[in-house]
Each structure stands twice: as C-alpha cells, then as structure tokens.
Amino acid sequence: MRKLILGLALGAMAATGAAAQEPIKIGELNSYKNFPAFLEPYKKGWQLAVEEANAAGGVLGRKLEVISRDDNGTPGDAVRVAEELLTRENVSLLMGTFASHIGLAVSNLAAQRKVLFVAAEPLTDKIVWDNGNKYTFRLRPSTYMQTAMLVPEAAKSGKKKWAIVYPNYEYGQSATAAFKKLLAEKLPGVEFVVEQAPPLGKIEAGAVVDAIAQAKPDAIFSSLFGPDLAKFVREGNTRGLFKDKVVLNLLAGEPEYLDPLKDETPPGWIVTGYPWEQIATPEHKAFVAAYQKKWSDYPRLGSVVGYATVQSVVAALKKAGAVDTEKMVAAMKGLQLGTPIGQITYRALDHQSTMGAYVGKLALKDGKGVMVDWKFADGKDYLPPDAEVKKLRPAE
Amino acid sequence: MTVLQVEGLAKSFGGVAAVQGVSFAVEAGHLLALIGPNGAGKTTCFNMLNGQLAPDRGSVRLDGREIVGLKPRQIWRLGVGRTFQITATFGSMTVRENVQVALISHHRRTLGLWPRARDLYRAEAEALLARVGMADQAERAAAVLAYGDLKRLELAVALANTPRLLLMDEPTAGMAPRERVELMALVAGIVRVEGIAVLFTEHDMDVVFAHADRIIVLNRGELIADGVPAQVRADPRVQQVYLGGGTTFGHG
Amino acid sequence: MTLATFVIQLLNGLAGASSLFLVAAGLSLIFGVTRIVNFAHGSFFMVGIYIAYTLTESFGRGSALGFWASVLAAAVAVGALGFVVEILLLRRIYKAPELFQLLATFGLVLVIKDATLAIWGPEDLLGPRAPGLRGAVSILGRPFPEYDLVLIAIGPLVLGLLWLVLNRTRFGVLVRAATQDRDMVAALGVNQAWLFTGVFALGAALAGLGGALQVPREPAQLFLDITVISDAFVVVVVGGLGSIPGAFLAALLIGEIKALCIGLGDVSFGGFEISFSKLTLVVEFIVMAIVLVVRPWGLLGRPGGEPRHAAATEPPLRPLHGYLKLAAAGLGAALLVLPVATDGYVLVLLIDIFVFALFAVSLHFLMGPGGMVSFGHAAYFGLGAYGAALLVLRAGLPMETTIVLGPLVALAGGLLFGWFVVRLSGVYLAMLTLAFAQIVWSVAFQWDSFTGGSNGLIGLWPPAWLASKSAFYHVTLILCVVAIVALRHLVFAPFGAVLRAGRDSPLRADAIGIDVRRHQWFAFALIGGFAGLAGVLHAFSKGSISPETLAIARSVDGLVMVLLGGVQTLTGPVVGAAVLTWLQDEIARRVEFWRAILGGVIILLVIAFPQGIVGFIRGRFMREVT
C-alpha cells in the first residue's frame, strides 16, 4: 500500500514537472470499498495506462490527470461524487463505475449535464440499449454479449434439459432471459426444468444444489460469481451435482472469481474469462510485462478493463483533437483502438464497444483453476442484429 | 347520592379466587376506604373498577351506568380520576404541563397540531396546582420532584376532568407521616367541597380512621365488614383478621 | 417434492441454522444482559471466519486435530477482541441514552471492515474442507455432506452447553438475573462491569465460533458482517429477546423455511406462477413480520421481558430562546444567499444535507417524542421517492404535483404498517419496522417491469425552472426548512405533547383518557409523509433512484445521524445529518481507508459526547435550572 501511495506521489511529481500546460482532468469514480477484489486491479490498470500515456508525452500536448473518487457503493453518493468532479474539479469527462445501477445513475447524470461518460464495468444491457443516451459509452462486453458467447457451446452440447441458477438481480435475470431466448432459437425443443434465483451473496448452496439435482437436468447454466459461486461449487462438488453434466457459468473464468476456488475448481465447466497467463499476443505480453513490473502482481480482468478504459479516453481525445464534449462524443462513435486483448470499436449504433472475452473450459492444474481449450470470442460477433438494437435504443 | 355501585364482583386467577362476590357503594362527597391484609384482593378489586382488569362476574355502575368492559381511558371520560400506588407522571414535562396534558385530553384536543400545548389551559392548570399546593413548582420538571410532591401532582392531574369519582391506590404510600396527614386532609377538603366520591386503599390505619367516612374490609377476596369507622373498629371479624395474625392496626 | 428431497432439504435447513444460532445466541446474551444492540456482531462473525481461514490453511488442511483446534482458537481470539472492545469502548458509555451504544458498534463495524481488508486483502478466501469430513454420506439415496451432519449436531450441543453454563454456574445465575433485572444484580453487590465484560466476550466468541465453523462451507469475504448481522437480529427477535432456546427455535424455523422455499422452487397455483426460490430474498423478514404480529414478544420471549432503560429522563422541552431563534433565522438567511458566494458543489452537498436532515428529524420525531425506535425508516423515504418517480414516469405527472403526492404515498405506507407497528414496543417494534421496510424493498427490487427492479428508475429530472442547481437548492432548502420547523412545532403542539406523555408513562396517559396507540399510529403515518418528502427531493436531486433508497443502510444512516446529534434534543438530528454527510464526503475524498477513519471518528465522538453532539453542547452551556 505504501508503495502504491509513493508511486502515486512520484507520478504526480513527474506530471507537474513535465507538463507546462494544465493537465487534462478525467473524473473517475467507482465502488472501491465495496468491490475491492475487482476494483483494486482495475485501479492498477488505469494507473498504468495513465503513466504510459504521460510517459509518451501525454495527449494533445497535455498530461493526463485522473481524479479518482469512491462512490460508497450507492447511486445517490455516486451522483454527488460525479457532481463534485464536474463542478469542483472541472474534469472534462467521467469514467468508471462497477455495479449496473450505479452505472445507470451516472449515465443518467452525464446525459443531463452533457458530459462524456465512459462506463467501464457495468454489465447491464440497459446502459446502451433501453436507457442508452448520447453521452454514455460502455467498454465491457455486456451481459447479453457474454451470454451469447456461451450459447453456441450450449447448443453444441446438444443437451435439452437445462437447469438455471442466477443471482437474483438484474444481471442474473438478464443473463437468464437472454440465455433462454437464444438457446431456444438455436436448439429447438430445449426445456428449462428448474430455475433457482438465490439472493446475491446469500445463496443457501446446499439447498440450491439439491433442488437442482431433484429436477434431473442434463446441463446447468449459471451466472453466479464471487462468494455465491464458491459456495455453489463446493456444495455441488461434495454432492456430486456436476457429474456427467454440462455446466456453463458466466464470468467464472475471470481470475477475480476463479482464483479463490483453488483446488475446488470444477473441471470441464464452460466459462467466459481471462486466461491471462496463456494469452501470447505481443500486445498482451507487453501489457502483462509492464503491469507486473509496476505492481509486482499479475493482472486480473479488472486490470485490463481499467487499462483499456484509459486507452479509450486517450484514443478519443486524440481523435477529437480537442477537449470538448461534443467533439469527444463524436470521436467516441466508431472509435477504434487496440487493447491488450485485441482491437475494439465503439459502435456508433449503440455506443457499445466490441471488446471480447475468452471462452474456454476450466481445469485443475497444480491445485489451481485454469482455463483450457479457450478461444477468443470477439464481441462484435455476439450482438443482436442492428435493426433489433435500433428498436431497443431510444432515439437521440 | 350513590356515585359508584359495585355488585357481586368476582375474579379468579387460574382457579384461585382473588375477589368473590364483593358489593359496596360510594356516595358523593364521601371517602370510602378499602382495607384488608396483604393478598386480600384490594388491588385486584381496584383494577376491576378502573378497567385494567375484566371481572369474571359482577357489575360496576357509575351514576347508574354499567362500566364493566370499558377501557381505563373510557372510564376516565365518564368522570373517574385516579392516582397510582407508584406514581405515574410524565417525567420529561414540567409540573404544569403534566396537568395541561390532562386538560387537553379532557377537552378532546389531543390531535391539535397548531397551538402550543404549554399555552393551552394554563390558568386552569395553575388553579388546579394551587388547590394541591403545587403552584410554586409549576415550572419544575416532574422527574426531579420529591415523592410527596409527585403524589400531589397526581392528585391535581386526577382532578383535571372534574371527576365524579376518585380512585386512589395507596395515596400515602412511601410518604413521611406528617405528609400523609396533610395529603389526606387536602383530599378530604377537596372532595367535600366538590361532592366527589372517593374510594381509596390504604395501609396506614391512622389515615384510614382519621379520614374515611366508611370503611370496607376485604379478606381472602371476601367482604367481611362494611360500615362507619367505629363499627368496623368494633367488628370482631375485622379484629380477628388484623389481631389474630398478631398484628395491630397500623401497618397491616 | 419427494419424501427423500423433503428430508434432505430439512437437513439442509438444519445445517444452515447451526451457525446462525451460534451468532444469534451471542447477540441475544449480550442484549439480554447489557441492553446493547450490538451492530458489530456480524463483524465478529466475519473476523471469526477470517482468522479460522488463516489458521486452518496453516494447521487444518491435513490434520483433523489441527482443524478443530484452529476453529476453537479463532473463537477464542474473537472472544478476546470482544473483551477488548467492551473494556476500551462500551464500558464508557453504558449510562448514555438508549441505543447510543448502537452508534459505537456501528463505528466499530466500519473500522473492523477496513482492518479486515487491510489484513487479509480484497479477494474471497475459500478455506479447506474439514479433514475426515470431506465427502458425503448417502441419506435416502442422496449425497449429504458429512461436515453438515457435524454442524447439525453442533447447534444443540452448544445450546446444551449454554444451558449448563446459565443454569449450573454462578456466572450463569448472574447472567440470568441481569437479564431480568439489572438493578438487582447491582444491588447484590456483584461487580457489574466484569459481568458485562464477560458476557460481551462470551457473545463475541460465539459469533466467532459461528464464523469459524463456516470455513469449510463458504469463503471469507467482506460482506459477511452485514449479511450476518441482519439475519442474526431477525433470529434473536423472532425467538424472543434474551431467550437462547428461542434463538435456537427461530434459527431452525428460518433455516427450514428457506430450505423448503428453495426445494419448492417454482410452483403454479391455478395459473399463478409463484417462485419460492425468489422468495428467499426476503422470507426471513416475512417470517419475522408474521411472528411479531401474532406474538409481539417473539416465539419464546416473555411479555414485559424488556425492561425500560435506566437512562435519565430527558429534561422538559423548551422553545428556542430569543437569541437562538435569531441565530437560526440568521443561518437560514445565510443559506438562502449562499449560492452567490460558492461553487456548485457546495450546493450539491448542502442539498444532500438538507434532505438527510429532514429524514433524520422525521426519524427523531418517532424515536424521541414518539417513543418508537424505527430500524426501517428508509421505507418511507423510499416510498416517497418511488411514489414520485412512478407518478412522473408512469403517469406523466409533473414533478411539482409529486412533491405533494409522493409524501402521500409514504404516508399511506405509514398508515398501513403503523397499524401493526404501534401494537409492539421497544426493540420488537423497531424490528417490525425493519421487516416491513425489507418487504417494501424486496418488492421494489423484484418488480422489474414497474419499479425498474434492482437497476431502479432514471430520468427523474426537475422541470426547466428548477433545472439550475441554485433553483433546486432554494426549493430544497425552503421545503426542508419548512418541514423541519413544522415538525419542531408539532413536538410542542397538543399532539406532540400527548405523544410524549404516552412515551413517558403509558399507564398515566391511559388513565387520563389518551388512546396512546392511536396517537402513535397517526404519528407513524404522518412522519412517513415527512420522510417521504425527503425521499422525493432526494430522487429529483439525483435524477434517479434505486432500491437502495429503501435499503437497511439508509435506515441505519438515519439512526446514526439522530444518535450522533443526540436523541434527547430537537436540533440534534440536523447537526448529526450535517456532520455525518460532510464527514463522509470529506474523508472519502482524502484517504483510501476512509471507512475506518469515519468509523474511528464516530467512536471518538461517541466517547467524547455520550449525549450526542447537541446534547453535549446543551449540557455544557445551557444547563437547565431546576
């Protein structure tokens, strides 16, 4: 921790020493105290990107300065913090947020205040579709996209009797709805024999596992993550639920959620995730090397997201050629850039980036969970047809 | 004139008869003392009169109207004031406000949202306090009063609805002997002037024989004597109850 | 459901109930003896599982002895933590007004959470399985974890041990005596301070044990404190305060009902699809509401088993002195002209402060003059906010009308829930308000098509004439000030006086013709309306709302504000709201471990001002002449 603060201080000193002009201020807000497991790596990611951008001479001849705030995990506080960044710190744009409802609240504010908002993490489909607005762009592949990435695997399995388990809030509900719709299209005659919706963070895993077993499904689709996932996996392993069943789980291959499982990792599960140690593209290798050098730690998916968010902002500023909201918004539309996990485009159509994810199987290696047989799923291939998206999104 | 008429009042707790078939009456302007040894059923009897306990049988009529089954607050509205053995006052209010709240309730203005309670019925409250000798303490917090003063405050509160009947449970309990005499003299003076009927229980026989117009004696839930003090004093059954146990009139 | 699955689900319920019982038993013991509503009890559970994780990782992976020794050591360590907390913190504030200790334990929650994050890091930590109990046994042809069988046995075992301690030792006799009558214990010449310390440490150790036993079942993580504390409170209250067997029964009841809801899954009744699985979101609160409505003292609690707090009665209320009135008017005028002098953010922050001040003042009206502590005040804040938002978004009404209609929605909620609530008293009453609040929350959370579900509703901006920050600031300022002044006035009005009378002495109030419950009921509803107004303003100041406006955290914030300012004062809640909101804003911006700092500041304030900030100022500078 001390190292981090020292690093920040040094970074700040370097910035003030080098830049003759006022830095470009970016307002960042996130629920650091509520979701530290995801957001500490995320913060390290964007800090690295800012450092690199400034080392390369900044943007438009000016240094970047990110002013970061904790939003206390509530939309009300997030809006206040965003107002503080806008009015007191005079930031030129906003970025960040993790939970969907907070992302939506800030996006709502961005539209009202006419300021660019790059939503880094929130997964909700609504932020670019039903509740999309001119000023909000979203980096991560959405719930829909990640679900769509798993559907071909589900269809390939040929299993017809499915059980579904999801955390009972919008993310889990959307994932479930998208999965049922998409799979039914691809695999006629598919049947969903049981649905379990435990409250987020409070799964009674033993009871849920038994309830699923009782319905005798051939396959399971889960969107659990975090502690719920760990409990479900352990109970399911003990009670033999996963034996001879195809199991799909959104997000479970992300180091944030996979690493805590350790030797409990259920082999064979098909997941979306981030096998950071195996991705051998030069961009990614360079990213990992720089990250490990700076932080003496390995990157999580959050690190990539944080890094790519700042990359996006940098690219948008360069393309816009000026620190002006309307120009930046115009630049974001159709913006293309390279991230550690590939080329992405912010679609002009719905402001969703085409960032992808890795789809693969879980396996156990030296008492740790890893992803094997993985492939990269490019986000652009997993979005609904443009006409459908247009219908979802309100006119500007 | 009969204010309170009690007939055949009975109550048992789990098969044990606490009060059995008690009947008596209280006249306006009279003080009726209800006495008896501990466990005789005085408190049970009392609580049935004021609506805190429902009797198994019997009738309680106030000015001819049946009040069995009514709640304490309804009985109060019919003109029954009461004081408690352990005083119950509003500790976070001043002495005057205690009386003002009773007056506000009496005038059915408890849902008032606009006026200030401390400005309502101020003169009446002060007059009531003056009658019990508490006028000079009107601004003090009830929580800091001496015990004797609390008893007098309770009396003022009990008088706020110009009651027909006062029920006083051990009005002088916990007071010094001189205070007891003073308080009961005060009560006696007020009720005679205003024609209020009083029923009180009391352990102190000096108080009872000095002030009661009539005395009724309970023993094991049954009424064993009813008469003027001299009659009761001479009643052999009463003497048996009080003297037989080796106790004398005094603290029973 | 077949018989086999039914039996297995029953066993699942039993296993789930075990740890919950341990935590609840500790909480119940502590409350019974010390009357402390220990908000940090979930934190003790959390620390228990973290310590047990560390120990079992080192000593408990291979050896059963090492595993069980680690679990016990974790419990003892948490007991020691409780010991230290009691001596350093709680002992100083036993004489403070009712519930004040809750504020101290709230500060503790924040400190412990950040300390845990600093020590163990942010990642979830899944511990080892228990050696020798890694697998499953077959019960009616279905696999059931061996460890869960052990857990099922541990619940009754601990219950038995507690029974022995409470009935066969001198310590137990004192504990039982203190639970019934604290003064008696003092009169017996027992060193009360050490009895309290002992009980607090024992309660903490039970929570630590409950946590440690979960190591093979769930990962150690930073949300456990909050999840566990609300479950534990529910169990304690459903069982009956101070009753250990009651806590056991309640833990079983809730554990079983949850397991059966999950087992039932989706069931259709005559065309209606009911998802019992989704019901687990709120089922414990539904159980609590039903139990409390039917049995106002919990399953095994005793009527009147909750003696009044021995704290000093508050001094008589007096209207503001002339110079204070002048000062208040001066402050109001200064706030009115403030927009000229400051940046936009000060206005944003002040809008939040005004809204929370109104929220806190309304809660205080219930807690202070009304004598009803509410743990679920957010319900009315949220009902106002949702009412207004839905009227704007679904019915197309202009914002101006919702300023009136939103509070009416909240008032209607208060009228409905209040009818049940005023039949209870003390902590039971408080927990029933919480149950209702959670039920409202779960409806907002679940009803996706109407309330926007967990995402909430967006696009709630004020009309053009209020769009500027300073215009909205002025409207908020005026509405909040008027509402706060009105509430203050109400305290002195006959209605307020009658409420205070009913709180001071229900017996006397009844004996002078006052229907205390009826007045409390009206007060509850009316206050709902005031909290609703705060909610409406909140919604339009943020442009969006989510179920968080209805959540426990919001209710707790309200309590913290009231207690921080001082329950026995009328200006306290305003000061509390301002201090908490401002502190959080300032500290969160400046330091990384802001939560711990905020908790630490709250603890310091608690120790320095055991009557609350305003209570302290009044006691110091405006001593009553009596």
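Each value in this text was obtained by applying a stated rule to the coordinates, not by laboratory testing. Bear in mind the structure is a predicted one, so any value in this text is a computation, not a measurement. Every residue, glycine as well, gets a Cβ built from its backbone with ideal geometry; the counts of neighbours run over all protein chains shown.
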Legend entry - Cβ-based net charge around residue C:109, under 12 Å, with every Lys or Arg adding one and every Asp or Glu removing one: 0
Inset, instruction - Taking H placed 1.01 Å from N in the peptide plane, check which residues at least 5 places from residue A:24 or on another chain put their amide H under 5 Å from its amide H. - result: A:63, A:64, A:65
Inset, instruction - Compare B:178, B:73, B:152 in a GNM of chain B, Cα atoms joined below 10 Å, and give the one with the largest fluctuation. - result: B:178
Inset, instruction - Specify the residue with the greatest mean-square fluctuation among A:49, A:148, A:197, computed from a Gaussian network of chain A linking alpha-carbon atoms under 10 Å apart. - result: A:197
Inset, instruction - Give the share of C-alpha pairs in each 10 angstrom bin for chain C, from 0 to the last occupied bin, in whole percents, shortest bins first. - result: 3, 15, 26, 27, 18, 8, 2, 0, 0
Inset, instruction - Averaging sequence separations of C-alpha pairs under 8 Å and six or more residues apart, then dividing by the length of chain A, give the relative contact order as a whole percent. - result: 18 percent
Inset, instruction - Please give the average number of partner chain Cβ atoms lying within 10 Å of the Cβ of each residue in C:120-131, rounded to a whole number. - result: 5
Inset, instruction - Work out from phi, with θ = phi - 60° and the Karplus expression 6.51 cos²θ - 1.76 cosθ + 1.60, the ³J(HN,Hα) of each residue of segment C:395-407, listed in order in whole Hz, and give x for Gly and Pro. - result: 9, x, 6, x, 4, 4, 5, 6, 5, 8, 6, x, x
Inset, instruction - Give me the angle, in degrees from 0 to 90, between the Cα long axis of helix A:100-113 and the longest principal axis of the Cα atoms of chain A, rounded to the nearest 10. - result: 30 degrees
Inset, instruction - Could you point to the residue in C:401, C:529, C:447 farthest towards the positive end of segment C:322-621's charge dipole, with +1 and -1 charges on the Cβ of Lys/Arg and Asp/Glu respectively? - result: C:529
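Which whole number gives the average, over all residues in A:230-242, of C-beta atoms from other chains lying within 10 Å of the residue C-beta?
Mean shielding by partner chains, rounded to a whole number: 4.
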Legend entry - Rounded to whole Hz, the Karplus (6.51, -1.76, 1.60) HN-Hα couplings of segment C:458-463, x for glycine and proline: 10, x, 9, 9, x, x
Inset, instruction - Send over the Kirkwood Rh of the protein assembly as shown, from the inverse of the averaged 1/r over different Cα pairs, rounded to one decimal Å. - result: 33.6 Å
Legend entry - Restraint check, A:43/A:63; A:243/C:278; A:231/A:391; A:44/A:333; A:134/A:202, Cα-Cα greater than 29 Å: A:231/A:391; A:134/A:202
Legend entry - Distant-in-sequence amide H partners of residue B:27 (H built 1.01 Å from N, under 5 Å): B:3
Inset, instruction - Find the relative contact order for chain C and round it to a whole percent, using C-alpha pairs within less than 8 Å whose residues are 6+ positions apart. - result: 19 percent
Legend entry - Surrounding net charge for residue C:557, when Lys and Arg each add one and Asp and Glu each subtract one, Cβ distance under 12 Å: -2
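Average partner chain C-beta neighbours within 10 Å, per residue of A:260-268? Could the numbers behind the result be given before it?
Working: counts 7, 3, 4, 3, 4, 0, 0, 0, 0.
Partner-chain Cβ atoms within 10 Å, mean over residues of A:260-268: 2.
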Inset, instruction - Would you please give the FRET efficiency between residue B:220 and residue B:85, computed as 1/(1 + (r/R0)^6) with r the Cβ-Cβ distance and R0 = 22 Å, to the nearest 0.05? - result: 0.60
Legend entry - Neighbour-count ranking [beta-carbon atoms within 10 angstrom, fewest first] of C:227, B:162: B:162, C:227
Inset, instruction - In whole Hz, with x marking every Gly and Pro, tabulate ³J(HN,Hα) for segment C:432-437 from phi via Karplus 6.51 cos²θ - 1.76 cosθ + 1.60, θ = phi - 60°. - result: 5, 4, 5, 4, 5, 4
Inset, instruction - Sort segment C:322-621 into rounded, prolate or oblate with this rule: let a ≥ b ≥ c be the square roots of the eigenvalues of the Cα gyration tensor; rounded if a/c is under 1.5, and if a/c is not under 1.5, prolate when a/b is larger than b/c, oblate otherwise. - result: rounded
Legend entry - Mean Cβ neighbour count within 10 Å, used as a protection proxy, ranking C:120-133, A:325-338 highest first: C:120-133, A:325-338
Legend entry - More than 35 Å apart - percent of Cα-Cα pairs taken over segment C:3-294: 19 percent
Legend entry - Interchain or long-range residues, amide H under 5 Å from residue C:242's placed H: C:32
Inset, instruction - Quick one: grab the alpha carbon gyration tensor of chain B, order the square roots of its eigenvalues as a ≥ b ≥ c, and give me rounded if a/c is under 1.5, else prolate or oblate depending on whether a/b is larger than b/c. - result: prolate
Legend entry - Fluctuation leader among B:38, B:161, B:219 - chain B, Gaussian network, Cα springs under 10 angstrom: B:38
Inset, instruction - Please name which of C:121, C:222, C:161 has its Cα lying farthest along the dipole of segment C:3-294 towards the positive end, using unit charges on Cβ (Lys, Arg +1; Asp, Glu -1) and the Cα centre as origin. - result: C:161
Inset, instruction - Between beta-carbons, use under 15 Å as the cut-off and find the net charge around residue A:123, counting Lys and Arg +1, Asp and Glu -1. - result: -4
Inset, instruction - Considering only DSSP beta bridges where both residues belong to the protein assembly as shown, give the percentage that are antiparallel (nearest 5). - result: 50 percent
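Note down the magnitude of the dipole of the protein assembly as shown about its Cα centre, charges +1 on Lys and Arg C-beta and -1 on Asp and Glu C-beta and zero elsewhere, to the nearest 20 debye.
Charge dipole of the protein assembly as shown: 360 debye, to the nearest 20.
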Legend entry - Peptides A:36-46, C:108-118, A:340-350, C:523-533 ordered by average Cβ neighbours within 10 Å, highest first: C:523-533, A:36-46, C:108-118, A:340-350
